[in-house]
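What follows is a short report on a single structure.
Read-outs: derived from the displayed coordinates by stated rules, not from any lab. Quick caveat, the model's predicted, so the values are computed rather than measured. Neighbour counts run over all protein chains shown; Cβ positions are idealised from the backbone, glycine included.
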């Protein structure tokens, strides 16, 4: 009887181990990728599916795309081991590192540049010509955790002895770059913060959202320090070999005409390069100088 019990126990244990290994193998056959809906989820999935298919073909796995309601949802999914990889902004990556120990593997490029910038803009006819002229004026930031639409411009203002919470006659958070540009153009505010594609302020949200004849009506007052680009991160549990393969596949695909065009269609990026956690230290420092608690701000959204 004891022998039978031992055999039964061994067979039961063996079944559990086989079942566990089988589940692990099944997990390895599917890579779960997360995004947030900066446009309708259906449109995003439609645009991103060819990219997911290309990645899946390159790594030899099925890639399933999940669209979360916001960055908090993506971070929670990474922490809960429901996602293997995700597209994140600089700010949301920092929180994902803090909360889920996510590992950044790639950062995006715009026209070969792995940086973008914040810019403070006004109308050409506003009479505002310097940052000091902003005192007593109305002003618009974008999203509270936007690096280019809030954090870096706030840091720039503070460094120039301008306290946004005290020195503006009226301060709003528009929620988005296009909303900030339109608020300035429609004279709802005197000036605002948004993104710039380069350090000179020759291209930015205003050249994207305004009609060609309206662009001349915008004056760029100042441009911030460079901001490391949006990124792709992976979960802390991902096999390093798989993470390396995933990174190389995306880099190589971005170098092709098809890949570059597809990435531009989805995110306005032209490709990806390697990234490290240290690349995002300037963002951490800017949050600190700006006096913004990232976790509290993100969870309020």
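P(r) tail, segment 114-170: Cα-Cα pairs separated by more than 17 Å, 36% of all pairs. Taking the Cα centroid of segment 140-212 and of segment 227-294, what is the distance between the two, rounded to the nearest whole Å? Segment 140-212 and segment 227-294 have Cα centres spaced 24 Å from each other. Considering all different alpha carbon pairs of segment 180-300, the Kirkwood hydrodynamic radius works out to 17.6 Å. Residues of segment 39-78 with an amide N closer than 16 Å to a point placed 7 Å from the Cα of residue 241 along the Cα-to-Cβ direction: 59-61. Eigen-decomposition of the gyration tensor built on the alpha-carbon atoms of the chain gives equivalent ellipsoid semi-axes of 45, 21, 15 angstrom, largest listed first.
Dividing the helix sum by the residues of the chain, where each DSSP H run of 4 or more adds -39500 (n - 2.57), gives a mean residue ellipticity at 222 nm of -13500 deg cm²/dmol. Taking the DSSP bridge list for the chain and keeping only pairs wholly inside it, about 65 percent are antiparallel.
How long are the three semi-axes of the equivalent ellipsoid for segment 115-227, computed from the Cα gyration tensor as the root of 5 times each eigenvalue, in whole Å, largest first?
18, 16, 13
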